[in-house]
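FYI, it's all coordinate maths here, none of it is from the lab. None of the values given here were measured: they were computed from a predicted structure. FYI the Cβ positions are ideal-geometry reconstructions off the backbone, even for glycines, and counts take in every protein chain you see.
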Amino acid sequence: MIPDQVPKEDVFHGSDDLKKEAHISSFEKYKELYTKSVVNPDDFWGDIAKDFFWKTKHKGQFLQYNFDVTRGKIFIKCMEGASTNICYNLLDRNVHERNLGDKVAFYWEGNEPGDELKVTYRELLHRVCQFANVLKSQGVKKGDRVSIYMPMVVELVVAMLACARIGAVHSIVFAGFSAESLCERIMDSQCSLLITADGFYRGDKLISLKLLADEALQKCREKGFPVEKCIVLKHLSKETEDTPLGSQSPPAKRSCPDLQQEKQTGRIKKTHPVPQVPWNPEVDLCWHALLRGASNDCDPVWCESEDPLFILYTSGSTGKPKGVLHTISGYMLYTAATFKFVFDYQPDDIYWCTADIGWITGHSYITYGPLAYGATSVLFEGLPTYPDVSRMWEIVDKYHVTKFYTAPTAIRLLMKYGSEPVQKYKRDSLKILGTVGEPINPEAWHWYYSVVGEKRCPIVDTFWQTENGGHMLTPLPAATPMKPGSATFPFFGVVPAILNESGEELEGPSEGYLVFKQAWPGMMRTVYGNYSRFETTYFKKFPGYYVTGDGCRRDKDGYYWITGRIDDMLNVSGHLLSTAEVESALVEHEAIAEAAVVGRPHPVKGESLYCFVTLRDGATYNQTLEAELKKQVREKIGAIATPDYIQNAPGLPKTRSGKIMRRVLRKIACNERDLGDTSTLADSSVVEQLFQNRCFTTV
Ligand code: PRX
């Protein structure tokens, strides 16, 4: 499957300097280790496991699985019988065994330039232990689910690792999601506690997170699922400012030195107003007040390899989000190994992943992977365009970032402003660039490579999914010749295949369904609370394979090229959205009888949302309705799902059996008249009508 010869033309290679220090310095070495990793995965992963601490050793086979529904239940187990604690491995081991206590774990860079903090491994360990004690004092136990709805602050990492330390399961909800989405996720995973913050700024825009959290908890209450406790971090307001919390604070015992400092200075420059935070003394607890009474000693809870680590929701084609469940040992090994090889991690690196921790990229490549090897990272709260479009490069120079990982949508956005804002900064520390989330178009690839990396830095185009835990198809920076737009070859232990509609494996150059044939340690174990959905979504269509839901092409040199989703999912700015979820938000409006949503290509976001709506009798289509529909979707799902186009569609193209023909709607959205085979269309006149009334401008 991996070619003997690498192609000679149209490819880009990592520099010789990079090869000198690289873990994998040539394509030959990649091939050799790849072959070993798939022929004998137990040995390969066993070697990675030697880098970590195991309280008890595993018994039997390292990786066990069944992908074939015809043979029984689907399962994946890694290091069964072993016990460990992931927080211990990320923090205590680095502080106590590897002497990295004084090494910076995170440089936090706030939304406003000048807002900054640094946290060493020792400080992070202390903070996590303190907060783990807080969680215990609030009755959180091993196996309990804790919902986290926070901005990009160090305390978000503290909260997730504190959960991991005591064996609780975190369920992080991206802080851009709406109150309704938060409520749905809290209820689905039955969280006993919510952790949030007063608010944060995205550029100039205030996000009053606590108000949204309150609304979500109110909805939970109304639906019969009261959450008794909500811990609130005062991120925008100074901890010392008078609030109704003061009276609750227990007397100080021990506290972390830099917390003291932070308390006096406040970390946010007061260039913006601070929101008033409503306080419900029956439910709300102040993060800082609770910490003042907490010890920074906390023994880790030793967990089984297959105990759950976290739940993270991802869009599902039925519209209801799926709670992807990851377990401890396999996820730790997989994020650590991919981090080490794909970013060719070296101890003096300053690494920066611009994702939000609320998505899987942030879980795996801000928190777990980098901390596993004791890396120093930048944790950025802000936006690439605030206060101006040079912000990213300013930060690269400020911290001397060596490895930089971002999304194609961010690259396309910055590309619009040309090279001048980039070239204002030196960027000479950069060695490796990465992308994730969607296919990168060759134009953006070349701009990233030539302007940002000055043709010096290889680009790792990493294909993977929330369900995968870590990189699946990716170049290795010093080894793999890159082709712009291709995620190239599989990571160690990953065996991809391309299937046709009948489930036959295609050889050589071909195009079809991308599947994986063998288990890898980082893969999801189930959909939380819904095993049958797990089985149906990923394993029923082609028994014996994990089905990604992506289309893929393999070229004559064996390179893999992702062609996009082949289910009813859209990828907007690197985030998956289900058309069904947006449709159901639209039809909840009293004026709407039916809705159909399709993707329309967008120069920056990749895809934009084009919505067709059919009105109920008596309703009128006008700008007020449009604004209400937009608002409705934002409130139900979140700002990322805001419709770009809404078209009044008195009729929708349907098959004779009543199924909406999305293929035809996609053509209408793009104004492409070549509709292909329309023989199954029940009433072809609606199509012409829709073409006539197309939307040309965004709503
Ligand atoms: O369609 C693929 C696309 O993003 C989907 C996974 O989305 P999510 O679970 O939200 O995780 C995103 C971050 C890992 C995939 O099914 N995708 C992700 N990375 C790439 C990609 N498509 C092409 N190239 C990529 N590098």
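Things to note:
- On a per residue basis, the convex hull of the C-alpha atoms belonging to the stretch 405-456 measures out at 69 Å³.
- Cβ-based net charge around residue 480, under 13 Å, with every Lys or Arg adding one and every Asp or Glu removing one: 0
- Here is the list for the stretch 403-492: GluC sites (Glu not before Pro) lying in DSSP coil, each with at most 14 other C-beta atoms within 10 angstrom of its C-beta, are 454.
- Cβ charges +1 (Lys, Arg) and -1 (Asp, Glu), total dipole of the stretch 288-338, debye: 400 debye
- Spatial separation of Cα centroids for the stretch 655-699 and the stretch 164-181, in angstrom: 39 Å
- Using distinct alpha-carbon pairs, which all enter the 1/r mean, Kirkwood radius of the stretch 153-215 in Å: 12.7 Å
- Averaged over residues, the count of other Cβ atoms within 10 Å places the peptides 596-607, 497-508, 190-201, 357-368 in the sequence 357-368, 190-201, 596-607, 497-508, highest first.
- Here the alpha carbons of the stretch 379-533 define both size measures, Rg and Dmax, at 18.1, 54 Å.
- Antiparallel %, DSSP beta bridges [both residues in the chain], to 5: 60 percent
- For the stretch 24-64, the tally of Lys pairs with Cα-Cα distances below 27 Å comes to 6, considering only residues 8 or more apart or on different chains.
- As a ratio to 2.2 N^0.38 Å, the alpha-carbon radius of gyration for the stretch 602-693 is 1.17.
- Given 424/631; 403/605; 136/540, the pairs whose alpha carbons are separated by over 29 Å: 424/631; 136/540
- Lysines whose Cα lies under 17 Å from that of residue 556, excluding same-chain neighbours fewer than 8 positions away: 8, 483
- Residues of type lysines that residue 541 reaches as a straight line, Cα spacing below 26 Å, ignoring anything fewer than 8 places off in the same chain: 73, 77, 320, 322, 517, 654, 659
- Overall dimensions of the chain as given by Cα atoms, namely Rg and Dmax in Å: 25.0, 76
- Charged side chains reduced to their Cβ positions (Lys and Arg at +1, Asp and Glu at -1) give the chain a dipole of some 660 debye around its Cα centre.
- Across every direction, the projection of the convex hull enclosing the Cα atoms of the stretch 303-453 has a mean area of 10.2 nm².
- Sorted peptide list for 146-156, 565-575, 521-531, 65-75, criterion being average Cβ within 10 angstrom, highest first: 146-156, 521-531, 565-575, 65-75
- Residue-averaged [θ]222 nm for the chain, counting only DSSP H segments that reach four residues, each worth -39500 (n - 2.57): -8000 deg cm²/dmol
- Its Cα gyration tensor gives the stretch 483-553 an equivalent ellipsoid. The semi-axes, each the square root of 5 times an eigenvalue, are 22, 15, 10 Å from largest down.
- Sorted into 10 angstrom bins from 0, the C-alpha pair distances of the stretch 494-637 split as 10, 30, 29, 19, 10, 2 percent.
- Alpha-carbon centroids, the stretch 589-643 and the stretch 273-344: separation in whole Å: 33 Å
- Percentage of interatomic Cα-Cα distances in the stretch 57-178 larger than 22 Å: 52 percent
- For the stretch 449-516, the spherically averaged projection of the C-alpha convex hull amounts to 5.8 nm².
- Counting neighbouring beta carbons within 10 Å and listing from fewest to most, the residues 83, 486, 684 come out as 684, 83, 486.
- Residue 148 long-range amide H proximity, modeled H, under 5 Å: 171, 172, 173, 195
- Overall, the stretch 304-415 carries a charge dipole of about 360 debye about its Cα centre when +1 sits on the Cβ of Lys and Arg and -1 on the Cβ of Asp and Glu, all other atoms neutral.
- Ordering 314, 354 by the number of other Cβ atoms within 10 Å of each residue's own Cβ, fewest first, gives 314, 354.
- Ranked from largest, the principal axis spans of the Cα set of the stretch 24-123 equal 58, 36, 29 Å.
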